[in-house]
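Shown next, in structure tokens, is the structure this report addresses.
The values are calculated or read from the model by the stated rules, or taken from the named source; none is laboratory data. Computed from a prediction, not measured in an experiment: that's the story for all the values here. All Cβ positions, even for glycine, are placed from backbone atoms using ideal geometry, and neighbour counts span all protein chains on display.
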Amino acid sequence: MIKVGIIGGGQLGQMLGYAGQAIDIECVFLDPSDNPPAQTVGRVIRCAFDDTVGLQELVSSVDVLTYEFENVPVGPVESVTADIKLYPPPDALRYAQDRLTEKQLFQELNIPIAAFRTVDCEADLAVAADEIGLPLVLKTRRLGYAGKGQIVIRDRDSLADAWDMLGSSPLIAEEMIAFDVEASAIGARNVAGEIVSYPLTRNEHQEGILRTSRAPFGNAELTRLAQTYHARLVDRLDYVGVLSLELFVVGNKLLANEFAPRVHNSGHWTIDGAVTSQFENHLRAVSNMPLADPSAIGYVAMENLIGSLPVGMQAIRDAGFFVHEYGKAERPGRKLGHVTVVADNDTDCELRLQELRQIMFT
Ligand SMILES: Nc1ncnc2c1ncn2[C@@H]1O[C@H](COP(=O)(O)OP(=O)(O)O)[C@@H](O)[C@H]1O
Ligand SMILES: [Mg+2]
């Protein structure tokens, strides 16, 4: 049996663990929190992510090391991985941890992005507003997630306030894109350089948090373009594992927003709605196994359960939806679970999604 060490024991770790059980891969986790979701599926070494003693214990218990969140402290992790493979490669983490290096990588690869400027002082912000125009999205370069660490600036009077709120960290100011929809290209690359791509996924966010994903997107041309950008990125990084590329769709163009060097919330639909889930393909990739079929088995929608669980959880189960609960305490804005709808056609998928929302919100 192959043993995979996973830095992080959140819901992504938990879902990797369940996927491993089906293909005879055992996952061991490292996480400092009291009740990490992954504890339901494997041993969790409880320590800080930069605790080299704990990391060493993890390394000596497994055959290969991976991670399930992108703010992994690269230095401490690299210090214990001389004798073990760490996948995805740490370079992918370095690029993804700073929005500036991430954008520079997109530019190097001729992947279109929104106009942006670095903002290191208040004057830089005024220049960005002059040169790019308003509205602007001001973002911290590091540690932003689920819309945190960013502000939309709509008029010049708000520039000073925005600077006061975020100016203590290095920033990026981006053109605000009036996109048609958001999408994500999710795919895996293995040690041999083989790539599988999931159908393009359409995403809806509310307050910066992913709420709903739907797949397949149903536009062959955009899907091909997204897969081309994704392949450029994973080949350049000599990547191993699942990578998710977030995109803005504007007409027949795609602008890259950011990438996550890990399995991604917008790929949760693949558990119930694809032949092989993103979690299984991630484990296959990092374990030097052949990748498996990423095709959708129908028309799929995934709805996140955010903040608090619906009163009608049992009714949702009884109505035949695929329900996933992560075992986390309720807190505003927190992802507590998700529900998947699988149907034979687009129309039925929408109807079932409406039915689900009816139960959720009444
Ligand atoms: N330049 C932009 N133009 C329009 N919307 C944006 C822009 N940047 C971010 N957003 C919106 O905010 C969401 C979260 O921003 P993102 O850069 O993906 O940060 P996070 O790391 O929080 O996911 C995006 O999915 C999108 O809905
Ligand atoms: Mg994002």
_Scope segment 306-362; condition under 19 Å from His205 (Cβ atoms) and part of a helix (DSSP H, G or I); matching residues_ = Glu350, Leu353, Leu356, Arg357, Met360
*Report whether or not Leu291 is in contact with a Leu (Cβ under 6 Å, 6 or more places away or on another chain), under 25 Å from Ala38 (Cβ atoms), in contact (Cβ under 8 Å) with a residue 12 or more places away in the chain and away from ligand 2 (no atom under 16 Å from the Cβ).*
no
_Take the conditions in contact with a Leu (Cβ under 8 Å, 6 or more places away or on another chain), within 12 Å of ligand 1 (Cβ to nearest atom), among the aliphatic types (A, V, I, L, M) and touching a residue at least 12 places away in the same chain (Cβ under 8 Å) and apply them to Ile172. Does it pass?_
yes
*Is it the case that some residue within segment 181-202 is in contact with a strand residue (DSSP E or B) (Cβ under 6 Å, 6 or more places away or on another chain), assigned to a helix (DSSP H, G or I) and more than 16 Å from ligand 1 (Cβ to nearest atom)?*
no
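Going through segment 240-266 one residue at a time, which ones are under 26 Å from Ala178 (Cβ atoms) and not aliphatic (A, V, I, L, M)?
So the first thing to find is which residues in segment 240-266 are under 26 Å from Ala178 (Cβ atoms), and the list is 244-260, 264-266.
Within segment 240-266, Ser244, Glu246, Phe248, Gly251, Asn252, Lys253, Asn257, Glu258, Phe259, His264, Asn265, Ser266 qualify.
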_Residue tally, condition within 11 Å of ligand 1 (Cβ to nearest atom) and not in a loop (DSSP other than H, G, I, E, B), over segment 246-277_ = 12
*Identify the residue in segment 115-137 that is surrounded by 16 or more Cβ atoms within 10 Å (Cβ to Cβ) and touching an Asp or Glu at 6+ places or on another chain (Cβ under 8 Å) and, among all such residues, is nearest to Phe69 (Cα to Cα).*
Val137
*Which condition number in (1) over 30 Å from Ser308 (Cβ atoms); (2) touching a Leu at 6+ places or on another chain (Cβ under 8 Å); (3) not in a strand (DSSP E or B); (4) not acidic (Asp, Glu) is the one that Ala231 fails?*
(2)
*asked:* Being touching a residue at least 40 places away in the same chain (Cβ under 8 Å), among the hydroxyl-bearing types (Ser, Thr, Tyr) and closer than 24 Å to Glu78 by Cβ is the requirement here; does Ser33 meet it?
replied: no
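Filtering segment 206-241 down to residues that are among the hydrophobic types (A, V, I, L, M, F, W, C), more than 13 Å from ligand 2 (Cβ to nearest atom) and in contact (Cβ under 8 Å) with a residue 60 or more places away in the chain, which residue is farthest from Ser266 (Cα to Cα)?
Filtering first and then ranking leaves Leu237.
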*Out of Ala215, Ala183, report the one residue that is among the aliphatic types (A, V, I, L, M), under 22 Å from Ala343 (Cβ atoms) and touching a Leu at 6+ places or on another chain (Cβ under 6 Å).*
Ala183
_Residue, farthest from Phe106 (Cα to Cα), within segment 214-233, restricted to residues that are in contact with a helix residue (DSSP H, G or I) (Cβ under 9 Å, 6 or more places away or on another chain) and hydrophobic (A, V, I, L, M, F, W, C)_ = Ala215
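Only one residue in Glu350, Glu325 is closer than 22 Å to Val263 by Cβ and among the charged types (D, E, K, R), so which one is that?
On the way: Glu350 fails: closer than 22 Å to Val263 by Cβ.
That would be Glu325, the only listed residue that is closer than 22 Å to Val263 by Cβ and among the charged types (D, E, K, R).
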*Do the conditions hold for Gly147, that is, is it more than 16 Å from ligand 2 (Cβ to nearest atom), surrounded by fewer than 19 Cβ atoms within 10 Å (Cβ to Cβ) and not acidic (Asp, Glu)?*
no
_All positions within segment 232-277 that are in contact with a strand residue (DSSP E or B) (Cβ under 9 Å, 6 or more places away or on another chain) and small (Gly, Ala, Ser)_ = Gly241, Ser244, Ala256, Ala260, Ser266, Gly267, Gly273, Ala274
*Only one of these is modelled with pLDDT under 95 and not charged (D, E, K, R): Leu138, Leu109, Leu143, Leu134. Name it.*
Leu143
*Single residue of Glu207, Glu175 found to be charged (D, E, K, R), at pLDDT below 95 and over 25 Å from Thr66 (Cα atoms)*: Glu207
*Any chance you could count how many residues in segment 152-169 are under 27 Å from Ser266 (Cβ atoms) and either near ligand 1 (Cβ under 9 Å from one of its atoms) or crowded, with 17+ Cβ neighbours inside 10 Å (or both)?*
3
